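Asker: Following this message is one structure expressed as structure tokens.
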2 protein chains.
Amino acid sequence: MADVARLAGVSSQTVSRVSTGHPGVVESTRQVVLDAMRELGYRPNSAARALKLGEFRTIGVILFTLATTGNSRTVEAIATQAALEGYAITLIPVAAPTQDGVLGAFTRLGELAVDGVIVIMEVHLLDATDLTLPPGMPVVVVDSDAGDRYPVVDTDQADGARQAVRHLLALGHRTVRHVGGPAESFSAERRAQAWRAVLADAGRPVPPVERGDWSAASGYRAGRRLAADPSCTAVFVANDQMALGVLRALHEHGRRVPGQVSVVGFDDIPDAASYLPPLTTVHQDFAEVGRRCVHGLLDQIRGERGTPGTELVPTVLIHRSSTAAPASP
Amino acid sequence: MADVARLAGVSSQTVSRVSTGHPGVVESTRQVVLDAMRELGYRPNSAARALKLGEFRTIGVILFTLATTGNSRTVEAIATQAALEGYAITLIPVAAPTQDGVLGAFTRLGELAVDGVIVIMEVHLLDATDLTLPPGMPVVVVDSDAGDRYPVVDTDQADGARQAVRHLLALGHRTVRHVGGPAESFSAERRAQAWRAVLADAGRPVPPVERGDWSAASGYRAGRRLAADPSCTAVFVANDQMALGVLRALHEHGRRVPGQVSVVGFDDIPDAASYLPPLTTVHQDFAEVGRRCVHGLLDQIRGERGTPGTELVPTVLIHRSSTAAPASP
DNA sequence: CACCGCCATGTTTACGTAAACATAGCCACC
DNA sequence: GGTGGCTATGTTTACGTAAACATGGCGGTG
């Protein structure tokens with residue numbers, strides 16, 4: 001910067017004013033400075049700027065994995081929205097979903113140059129780790145029930161599940177089986193609870209839950225158990241990838257979908273429209289989740305305290321070809 | 001830091017030594033300092049540290065989208081490896097795959113606190129934008145043919161495609177159709193070229209290419225055209241998601257897989273094992289790609305110049321149930 | 001016992017920037 | 001024409017850290 005100032009014949013403060021776009025620099029001076037910058041290939045040192053300003057214009061995102069469609073799409077939406085607001089995104093992967101892993105991530109976070117954090121993680125793991133966020137660090141949590149302590153943004157899991165189950169009951173199915181996500185998952189638990197509640201409200205029997213780990217392979221294993229049960233005519237699967245596995249298992253056992261068994265998924269990943277048959281599923285608006293996370297966090301960064309509470313993003317049931325009325329017995 | 005030093009009754013330099021883990025601090029002093037840090041909730045200011053050290057310990061990743069499996073898995077591998085090396089990852093999304101979008105990303109990059117950049121992008125777009133990386137900024141490029149100018153890390157696209165096509169020919173198919181990715185994609189082009197070369201070498205007819213945009217929906221459209229052609233007995237699809245669409249199209253047209261038509265994909269995404277039928281596909285080692293990117297970049301950051309040239313990560317053909325010998329006529 | 005050298009710690013300084021304050025020149029108005 | 005205020009620019013300072021250099025005390029060795 002000093003070099004630029006010398007070459008342009010002005011003070012470094014004037015260079016600073018030009019570089020930050022401050023007003024009060026006359027056009028002719030501005031041009032001289034810009035020319036000097038170009039000639040010397042000057043670019044501002046963001047570390048010095050951050051040190052001076054006390055802010056990094058960067059948001060940290062803590063997560064376990066990008067492998068699930070939901071996470072990677074949420075992160076993409078966050079990154080896009082943050083860029084729009086002039087913020088960069090720093091990814092903080094948690095090596096393993098263990099206490100040590102989480103603790104490591106938060107330790108790194110302490111030294112990291114971020115103004116706030118978005119946590120995409122089951123909150124019970126946060127609790128188990130009794131980690132302390134650096135005091136005063138703004139946070140927004142996704143996919144969690146921490147609404148009593150942190151601001152939370154989440155898809156309306158319960159309502160999505162209700163739509164799915166009600167749709168199947170409305171088609172005439174006596175009851176609905178459920179392939180859930182891992183028991184530790186908050187989203188999985190929310191979807192399972194809503195499924196159970198709708199059945200109970202309708203006075204229907206509540207069959208046992210099959211569990212998977214979100215992967216198609218685990219869905220396949222659950223699907224094999226369901227396929228062996230002739231009384232099973234309708235299945236609500238907690239995500240699309242497991243639904244893919246369920247479809248395959250049903251197919252291999254000669255159970256036609258939707259002729260003999262109806263299947264509903266959750267997420268509406270782009271591939272779901274190309275499954276065999278195209279999957280009826282609950283659409284999640286990941287982009288909106290990302291957008292609200294960033295807004296919520298920036299409000300905290302710029303304004304005062306974040307108010308705990310959960311902000312729900314609505315879902316829509318997408319009707320495709322994997323559901324139908326049960327075959328008349 | 002000064003507060004910690006005062007409370008611990010030492011100089012700030014000693015606090016610095018403790019916080020950076022430098023040797024030459026006696027254990028008793030170290031404990032006193034650590035206690036003081038804890039009591040005051042001290043955490044080092046990374047901006048000041050970066051300013052002093054002249055490095056950010058951060059890697060920038062420039063990409064268009066996380067929506068494709070390949071990108072998100074590569075990014076995840078990069079993030080994991082970088083964390084292992086003590087580096088953070090900053091995501092720089094390119095708003096739109098246009099010149100303006102790319103230019104915007106690189107402008108932001110100029111002001112960003114990164115020690116090097118990994119570009120996951122078709123290089124022809126870089127060229128079209130005549131952008132200049134800040135001079136001296138270390139770069140590694142993925143998924144590109146820029147090997148003459150930058151260090152490139154990439155999956156061995158050509159060899160993967162060769163394995164796929166040769167497998168189909170070895171099964172006895174007279175020729176192999178191809179559903180390629182978008183013409184602008186370097187990976188897509190490489191896979192198509194290898195497909196063409198294997199057929200030509202074997203003296204087989206080279207049928208016209210069908211094109212998609214990597215999505216299952218586009219694969220479905222291509223698949224409908226193929227299904228209508230009774231002479232088509234084997235298809236090499238440029239990625240698994242499009243293969244999913246092809247499978248659906250073939251199924252809807254009553255063409256059995258692999259009985260009447262064999263299909264091979266590319267990527268080996270986790271879901272591919274659960275397709276109907278489970279997909280034979282070329283396995284890409286995204287984790288290895290990510291690892292080599294980070295190493296290549298850190299070599300540049302720590303050492304001297306990056307040597308242009310392409311580093312290829314091998315692929316493996318995974319045999320599943322979507323390929324078989326052609327039905328005897 | 002004196003001197004040397006080493007180890008633990010302290011002091012000084014600079015990294016690049018922007019806010020706060022200072023100054024000088026100009027114009028308008030009475 | 002003098003005074004007041006405004007605008008464009010310059011000067012000073014501090015942000016928090018770690019490298020470089022300085023100091024002092026202690027043990028070992030001749």
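Asker: What's the FRET efficiency of A:Glu252 with B:Ala95 using the Cβ-Cβ distance as r and R₀ = 45 Å, to the nearest 0.05?
Answerer: With a Förster radius of 45 Å, E is 0.55.
Asker: Hey, can you rank A:41-47, A:203-209, B:149-155, B:108-114 by average C-beta count inside 10 Å, highest first?
Answerer: Sorting A:41-47, A:203-209, B:149-155, B:108-114 by mean packing, highest first, produces B:149-155, B:108-114, A:41-47, A:203-209.
Asker: Quick one: with label points 7 Å out along Cα→Cβ, list the inter-copy distances for A:Ala48 in nm, shortest first?
Answerer: For A:Ala48, the inter-copy label distances come out at 1.8 nm.
Asker: Please list the equivalent ellipsoid semi-axes of the stretch B:210-306, computed as the square roots of five times the alpha-carbon gyration tensor eigenvalues, in descending order and whole angstrom.
Answerer: Semi-axes from the Cα gyration tensor: 36, 13, 10 Å.
Asker: Also: What quantity of accessible surface, computed with a 1.4 Å probe and excluding non-protein components, is buried in total between chains B and A, in Å² to the nearest 100?
Answerer: Details: alone 15620 and 15660 Å², together 27560 Å².
When B and A are taken together, about 3700 Å² of accessible area is lost.
Asker: Name the residues whose placed amide hydrogens come within less than 5 Å of the amide hydrogen of B:Val139, ignoring near sequence neighbours (fewer than 5 apart) on the same chain.
Answerer: The answer is B:Val117.
Asker: Shape verdict for the protein assembly as shown, please, from the Cα gyration tensor: rounded (a/c under 1.5), prolate (a/b greater than b/c) or oblate.
Answerer: oblate
Asker: I've got another one for you. Hey, what do the phi angles of the stretch A:306-323 turn into as Karplus ³J(HN,Hα) couplings, whole Hz, using 6.51/-1.76/1.60 and θ = phi - 60°, x for Gly and Pro?
Answerer: Rounded to whole hertz, the list is x, 8, x, x, 10, 9, 9, 9, x, 10, 9, 7, 9, 8, 10, 10, 9, 10.
Asker: List the residues whose amide H sits under 5 Å from the amide H of A:Ile89, counting only those 5 or more places along or on another chain, with H placed 1.01 Å from N in the peptide plane.
Answerer: It is A:Ile59, B:Leu91, by chain and number.
Asker: Hey, any idea what % of the protein assembly as shown's accessible area is carbon plus sulfur with a 1.4 Å probe?
Answerer: The computed percentage sits at 52.
Asker: I would also like to ask the following. If I take the rotation axis that carries chain B onto chain A, which residue of chain B has the nearest beta-carbon, and at how many angstrom?
Answerer: Residue with the nearest Cβ, plus whole-Å distance, for chain B: B:Ser72, 2.
Asker: What is the mean number of Cβ atoms from other protein chains located within 10 Å of the Cβ atom of each residue in peptide B:85-94, rounded to a whole number? It would help to have the intermediate numbers written out before the result.
Answerer: Numbers: counts 0, 2, 0, 12, 6, 7, 12, 4, 12, 2.
Whole-number average of other-chain Cβ neighbours for B:85-94 is 6.
Asker: Using modelled amide H (1.01 Å from N, peptide plane; none on Pro or chain starts), what sits under 5 Å from the amide H of B:Leu317, excluding residues fewer than 5 places away?
Answerer: B:His283
Asker: Still on this structure, please answer the following. Give, in whole angstrom and from largest to smallest, the semi-axes √(5λ) of the equivalent ellipsoid of the stretch B:2-44, with λ running over the eigenvalues of the Cα gyration tensor.
Answerer: Equivalent ellipsoid of the stretch B:2-44: 14, 10, 9 Å, largest first.
Asker: If you find the alpha carbon centre of the stretch B:212-269 and of the stretch A:230-292, how far apart are they in angstrom?
Answerer: Cα centroid of the stretch B:212-269 versus Cα centroid of the stretch A:230-292: 20 Å apart.
Asker: Across the residues of A:248-261, average count of Cβ atoms on other protein chains within 10 Å?
Answerer: Rounded to a whole number, the mean comes out at 1.
Asker: Read phi for every residue in the stretch B:149-161 and hand back ³J(HN,Hα) as whole Hz from Karplus 6.51 cos²θ - 1.76 cosθ + 1.60, θ = phi - 60°, with x for Gly and Pro.
Answerer: Rounded to whole hertz, the list is 10, 10, x, 10, 10, 7, 5, 6, 4, 4, 5, x, 5.
Asker: What does DSSP give for the protein assembly as shown in terms of the percent of beta bridges that are antiparallel, rounded to the nearest 5?
Answerer: Expressed as a percentage, antiparallel bridges in the protein assembly as shown total about 10.
Asker: Please list B:12-18, A:184-190, B:276-282 highest first by mean number of surrounding beta-carbon atoms within 10 Å per residue.
Answerer: Per-residue Cβ counts within 10 Å, averaged per peptide and sorted highest first, yield B:276-282, A:184-190, B:12-18.
Asker: Another question, if that's okay. Enumerate the residues in the stretch B:44-58 having an amide nitrogen under 19 Å from the point lying 7 Å beyond the Cα of A:Arg43 toward its Cβ.
Answerer: Backbone N within reach: B:47, B:50-58.
Asker: What is the magnitude of the charge dipole of the stretch B:157-285 about its Cα centre, with +1 placed on the Cβ of each Lys and Arg, -1 on the Cβ of each Asp and Glu, and no other charges, expressed in debye to the nearest 20?
Answerer: Result for the stretch B:157-285 is approximately 560 debye, rounded to the nearest 20.
Asker: Pull out a ≥ b ≥ c, the square roots of the eigenvalues of the alpha-carbon gyration tensor of chain A, then state rounded if a/c is under 1.5, prolate if not and a/b is larger than b/c, and oblate in the remaining case.
Answerer: Taking the square roots of the gyration eigenvalues as a ≥ b ≥ c, chain A is prolate.
Asker: With charges set only on the Cβ (+1 for Lys and Arg, -1 for Asp and Glu), what does the dipole of the protein assembly as shown come to about its Cα centre, in debye to the nearest 20?
Answerer: Dipole magnitude for the protein assembly as shown comes out near 1220 debye.
Asker: Report, for B:Pro207, each distance to the same residue's label point in the other copies, shortest first and in nm; define the point 7 Å along Cα→Cβ.
Answerer: Sorted ascending, the copy-to-copy spacings read 4.2 nm.
Asker: Mind running the shape call on the stretch B:157-285? Use the C-alpha gyration tensor, a ≥ b ≥ c as the square roots of the eigenvalues: rounded below 1.5 for a/c, prolate if a/b tops b/c, oblate otherwise.
Answerer: Numbers: a/c = 1.32, a/b = 1.10, b/c = 1.20.
In terms of gyration-tensor shape, rounded.
Asker: Can you run phi through the Karplus equation (6.51, -1.76, 1.60; θ = phi - 60°) for the stretch B:283-290 and list ³J(HN,Hα) in whole Hz, with x for Gly and Pro?
Answerer: 7, 9, 9, 4, 4, 5, 4, x
Asker: Separate question: To the nearest 20 debye, what charge dipole does chain B have about its Cα centre, counting +1 at the Cβ of each Lys and Arg and -1 at the Cβ of each Asp and Glu?
Answerer: In total the dipole reaches around 660 debye.
Asker: Residues of B:45-57, mean number of Cβ from any other protein chain within 10 Å of their own Cβ, rounded to a whole number?
Answerer: 5
Asker: Something else about it: What does the copy distance list look like for B:Ala95, label position 7 Å along Cα→Cβ, in nm and ordered from shortest?
Answerer: So the label point of B:Ala95 gives 3.9 nm to the other copies.
The values are calculated or read from the model by the stated rules, or taken from the named source; none is laboratory data. Everything numeric here is computed off the predicted structure, so don't read it as measured data. So basically every Cβ, Gly included, is an ideal-geometry build from the backbone, and we count neighbours across all protein chains shown. Just so you know, the surface numbers come from the protein's heavy atoms only, side chains and all, with ligands and any DNA or RNA stripped out. Shrake-Rupley method; radii C 1.70, N 1.55, O 1.52, S 1.80 Å.
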